[in-house]
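A short reminder: the numbers here are calculations on the coordinates, not readings from a lab. Note that the coordinates shown come from a computational prediction; the quantities given were computed from them, not determined experimentally. All Cβ positions, glycine included, derive from the backbone under ideal geometry; neighbour counts span all protein chains shown.
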Amino acid sequence: MWRLAQSAVSSLRRSRRFSTAIPGPCIVHKRGADILHDPWFNKDTGFPLTERDRLGLRGLLPPRVFSFEQQYARFMESYHSLEKNMQGQPGTVASLTKWRILNRLHDRNETLYYRVLIDNVKDFAPIIYTPTVGLVCQNYSGLFRRPRGMYFSAKDKGEMMSMIYNWPASQVDMVVVTDGSRILGLGDLGVQGIGIPIGKLDVYVAAAGMNPQRILPVMLDVGTNNQNLLHDPLYLGLRQPRLEGEEYLSIVDEFMEAVFTRWPKAIVQFEDFQMKWAFETLQRYRRRFCMFNDDIQGTAGVALAGLLGTVRAQGRPLTDFVKQKIVIVGAGSAGLGVLNMAIQAVSRMAKDSGVAAKHQFYLLDKDGLITKERENLDPAVAPFAKSPGETDGLREGASLVEVVRKVKPHVLLGLSGVGGIFNEEVLKAMRESDCPKPAVFAMSNPTMNAECTPADAFKYAGENIVFASGSPFENVELGNGKVGHVNQANNMYLFPGIGLGTLLSGARFITDGMLQSAAECLASHMTEEEIQKGILYPSIGSIREITAEVGAAVLRAAVTEELAEGHCDVGPKDLSHMSKEETVDYVQRNMWFPIYSPLVHEK
Ligand SMILES: NC(=O)C1=CN([C@@H]2O[C@H](COP(=O)(O)OP(=O)(O)OC[C@H]3O[C@@H](n4cnc5c(N)ncnc54)[C@H](O)[C@@H]3O)[C@@H](O)[C@H]2O)C=CC1
Ligand SMILES: CC(=O)C(=O)O
Ligand SMILES: [Mg+2]
């Protein structure tokens, strides 16, 4: 049960000696019940007698003192017994119950919460992240008990600069912000989308060792166009249609100014904005502030790593990526982000301008194949639309199955948000692929929105395919001891390292070069043996290790681009003198790890 005891001790030694993320012995100014009600300081039954005496806690707790290990074991035992009792219940009921028990611990004792999360990240990620976080957002107004993060609404215009000082922490490193307009594949969930920044930042703490005292989930509530929510008496957000145009942008501008005025070194991650605002805000801010859009840029890197892994899995040299025919279904923020980065990679490999590189990609949206003949072509999509001579005879708006039959792609990649559109007919058409080992990436979230299940993919497209989904699925038993491996192609493999590497580099911007390094690091992580088994990404269980490597890659790219200004007492020169291994070591030493800090000075 107490699996990480040894590594925890050495990690504690490391972090005490070197970490800039953990201050020395933490002395609390609160007393008595106020400490018990502060999840950051609370140790529950773990307060030693000296602290009980000196902090006015005597009599406020049962007399027995439990060790951290005993508290951990007690929590896990009650979690597992709850899991057992939930057997036979509908999946959604069981998932929400698990989320509630974890959330209660989060609200009560952050140190214990993050420790169980880190040690059991593979089991708990599906609860605090996709898919359960989607269900939580859908039901957030009903589930709401205590606030977490900050809420800036359209009614706060002109007030944000002072509001930002209401946040109790003096330093914030990482902000994740949403306007709730495109939550996973679930659409506009208004203020209820706050669950996404909370879940993403939990992953930041678990995977990147971001200090939870220095993270900030944010909801920009500019209204909602979701009629069900507007008519829901429990709905917690503004009951008005979404702001548009300049009115909308002025809210986001004011928020960004407020954040960077109070915390000039913060990093802001934009998450789950509808496409038009995702692109607009990225262009507007990326050269002014340290920010990135995870759906556009994080997803692109993870997908590119998977696409390069697919080429290796096919037993071909990486440079053959330039010959892969790839059908992308979904021309939104995620699909266009992937396409853009993949074209850049092809251009680099083929050393061309990118014009020719576009030929091998086919892009579809809800109206089918996108060509230059489309009326009212979205300007964001236009650069990727096929010219008349490039369509292999396919018409504007050709259906997915028509495209797959005609193109015989090496890869079919879905970022449409539409569950099941890789149906039996489409998957069977993939059997005629020009490649004996084609890939199916059903990347939409949450589970119900995946373009297909892995069981269907292996059944209809063939047992030799490479498969990836955005949300977690079990591997598929193919019979005769064979297993169809399911990869989780989710931006969680990259965004924590992008944030951490940027923070430790002290860079004021996040460049394409830094993002490309992150993707290349992930792509090169897997061994040949793993790749041959169709395993494209590391296990979620080792996400802390891969995040340290990605963080180091991002940091080194910032150094190369002369953007690194250093972090705390480590200056740009120190960073530039570090070898690759020393950079990984430096990153690891700066990852926060949950342990109880003494709350009083030892006499
Ligand atoms: N696995 C991962 O790491 C990530 C997954 N996603 C998922 O990708 C999905 C899309 O996200 P965004 O691009 O931000 O959404 P978006 O709303 O910007 O774009 C969706 C696109 O899908 C197209 N579409 C809708 N119905 C379609 C159909 N029947 N056939 C073909 N295309 C169709 C739309 O026309 C649009 O172009 C969501 O489910 C999201 O959860 C997004 C980011 C990361
Ligand atoms: C994973 C993610 O960022 C999304 O589905 O939007
Ligand atoms: Mg997202």
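Overview of results
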read-out	value
Coarse-grained scattering of the chain at q = 0.12, 0.13 Å⁻¹, given as base-10 log I(q)/I(0) from a Debye sum over alpha-carbon atoms	-1.30, -1.51
Inter-site label distance for N376 and K265 at 7 Å from Cα along Cβ, in nm	4.9
Within the chain, percent of DSSP bridges classed antiparallel, to nearest 5	15
Ranked by how many other beta carbons lie within 10 Å on average, peptides 529-535, 178-184, 209-215 from highest	178-184, 209-215, 529-535
Relative contact order of region 199-277, pairs being alpha-carbon contacts under 8 Å that are 6 or more residues apart, as %	19
Extension gain from N480 to M161, taking 0.36 nm per residue of separation minus the Cα-Cα distance	108.5 nm
Cross-link partners of K155 among lysines (Cα-Cα below 29 Å; sequence separation of 8 or more within a chain)	K200, K265, K276
Helix-only mean residue ellipticity at 222 nm for the chain, each DSSP H run of n ≥ 4 adding -39500 (n - 2.57), per residue, nearest 500	-12500 deg cm²/dmol
All aspartates and glutamates inside 18 Å of K84 as judged from Cα atoms, apart from same-chain residues fewer than 8 positions distant	D123
Förster radius 41 Å - calculated FRET efficiency between L318 and D392 (Cβ-Cβ, nearest 0.05)	0.95
Residue exposure sequence - C521, C568 - by fewest surrounding Cβ within 10 Å	C568, C521
Set of aspartates and glutamates with alpha-carbon distance to K358 below 12 Å, sequence-local pairs under 8 removed	E390
Label point distance in nm, S576-Q283, each placed 7 Å from Cα along Cα→Cβ	3.4
Convex hull volume of region 208-340 per residue (C-alpha atoms, cubic angstrom)	180
K30 paired with L249, simple spin-label distance in nm, labels 7 Å along Cα-to-beta-carbon	4.2
Loop-resident sites, region 28-102, for GluC sites (Glu not before Pro), counting at most 12 other Cβ within 10 Å (DSSP)	none
The chain: relative contact order in percent, alpha carbon pairs under 8 Å with at least 6 residues between	15
